[in-house]
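The block underneath contains the structure these notes are about, expressed in C-alpha cells.
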Amino acid sequence: MSIFDFLSGQFIDVIHWTDDTRDTMVWRFERQGHEIKYGAKLTVREGQTAVFVHEGQLADVFTPGLYMLETNNMPIMTSLQHWDHGFKSPFKSEIYFVNTTRFNDLKWGTKNPIMLRDPEFGPVRIRAYGTYSIRVSDAARFMTEIVGTDGEFTTDEITFQIRNIIVQEFSRVIASSGIPVLDMAANTADLGKLITTEIAPTLEGYGLSIPELYIENISLPPAVEKALDKRTSMGIVGDLDAYTRFSAAEAMTSAAQNPAGGGMAAGLGAGMGMAMAQQMAQPQQPGPWGAHPQAYQQPAAAAPPPPPPPPVEHVWHIAENGQTRGPFSKAQMGRMVTSGELTRGTHVWTQGQDGWKTAEDVQELAQLFTVLPPPPPPGV
C-alpha cells in the first residue's frame, strides 16, 4: 500500500451533520481515530452551530455556512504537520454540532398541588399543566454549562430540569398574582408570558431560551370542584324560596290530576307544602364565609314538627243508564241531593268499596238524605 493510500484513509474531507431524530440537541462528529485534513470543508446548515473543542478547551464557534479549514489560527492539526509522530498527532480536536431550532410540544406540570390564598374561597390547592418550546441561544455556553463531553445530547436530558424551573416560577407568580381561581382561565395567556419573563434569566445562564410557554389547564381538587358545582346549581335556581313554593305547587297539581290516588296524594302534597313553607320561614343562618360571631354562640331553635296531613276525602262515581259519571266530592254529592240528581236508590262507588251500592246503603252518603227539611205543612 502506497503512502498516498495510507494518507487518504486517514483524512476526512467533508464535515457535516444531518439530523432526523427531532430530539437531538448536540451531536459530536465521530472521528474514530481519523485526523481532520487541512483544507477540509465544514458545512453548517441552517438551524445548526458547529463548536470546535481543541485539547479539552472550546476553541471556535461556526454559524451556518460553508467553511474551508485552512487558517492556522484554528485549532485544527493534521498528520501532515507532525511527521515526527508517525502521522499520529498529539493535538486532538473535536467538532460538536448544536441544533439551534425550536424543540416544540415539551410537557410541564405540577407534580404536587400548589397552595395559595384565594380572595373568595380562602386557602385552596391548584394543579396546572401545559407545554413549552426551547431553543439553544448560545451554543458555546450551552456546551460549557450543560453538555460537557456528551457525544449525543437529547432533550430528555434537560427537560426535567426545565420543568422544575417552570413549576417553581409558576408557583411563585400564581401565589403573588392575587388573581381569583375563578378568573385564572381568562388570564392564562398573560400568566404564561409572565412566567416566561421570570425564567428567562435562569435559562440564559444555560445558553437556552423559551420562545413559547402555554398554560393549558388550571384545576382544583375534586372535592372543591364538587362544592363549586353545587354552588353553581344554587345560582342557576335563583330565589330558593320561590323555587320551593313552585315545586310544591307542581307536586299538588300532579297529585290532583291522578284520579286513582288524587285525594291522598293531594293531602300529602298539601302537608309537605306547609312543612316546607314553615321551614323557609325560619331565619337563615349565615354561611361560613360571612357568619356573624353570635351565630355560633347560640344554636337556632328547632322548627316545630309539621301538622299531620288532612284526612283523605273520598270521591264518588255515579252509575246511571249503563254509564258512569264522576268523580264527585262529598260536597258536590250533597248539592246533587238537594237538586234531586242523587236519590237514595242511585248506585255509587268509591275507591276501596266492594262493588256498586245504593246511596242509602253507604253510611257516609246516607247522612246527606237526613239533613233535608220535612215537607211544608198543608195550606202553607
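Given the criteria under 18 Å from Y214 (Cα atoms) and out of contact with any strand residue (DSSP E or B) (no Cβ under 8 Å at 6 or more places or on another chain), does A128 qualify? No, not satisfied. Take Q297 and decide whether it is at pLDDT below 80, closer than 30 Å to D118 by Cβ and touching a helix residue (DSSP H, G or I) at 6+ places or on another chain (Cβ under 6 Å). Answer is no for this residue. Looking only at residues in the range 353-368 that are surrounded by fewer than 18 Cβ atoms within 10 Å (Cβ to Cβ) and in contact (Cβ under 8 Å) with a residue 24 or more places away in the chain, the one that is nearest to G326 (Cα to Cα) is W356. Scanning the range 334-352 for residues that are free of Cβ contacts under 8 Å to residues at least 24 places away in the same chain, of a type in the set (S, T, Y) and surrounded by 12 or more Cβ atoms within 10 Å (Cβ to Cβ) returns a single hit, T343.
Only one of T101, T21, T71 is at pLDDT 90 or above and part of a loop (DSSP other than H, G, I, E, B); which? Before the answer, list the steps.
On the way: T21 fails: at pLDDT 90 or above; T71 fails: at pLDDT 90 or above.
Step by step, each of T101, T21, T71 is checked, and only T101 is at pLDDT 90 or above and part of a loop (DSSP other than H, G, I, E, B).
Taking the criterion of being without any contact (Cβ under 8 Å) to a residue 60 or more places away in the chain and either polar (S, T, N, Q) or outside any strand (DSSP E or B) (or both), the only residue of the range 115-148 that qualifies is G148. What number of residues within the range 204-235 are surrounded by 15 or more Cβ atoms within 10 Å (Cβ to Cβ), outside any strand (DSSP E or B) and within 13 Å of the chain's Cα centre (by Cα)? Looking only at that region, the number is 2.
The values are calculated or read from the model by the stated rules, or taken from the named source; none is laboratory data. Keep in mind that what you see is a predicted model, and the values were worked out from it rather than measured. Every residue, glycine among them, receives a Cβ derived from its backbone with ideal geometry; neighbour counts consider all protein chains shown.
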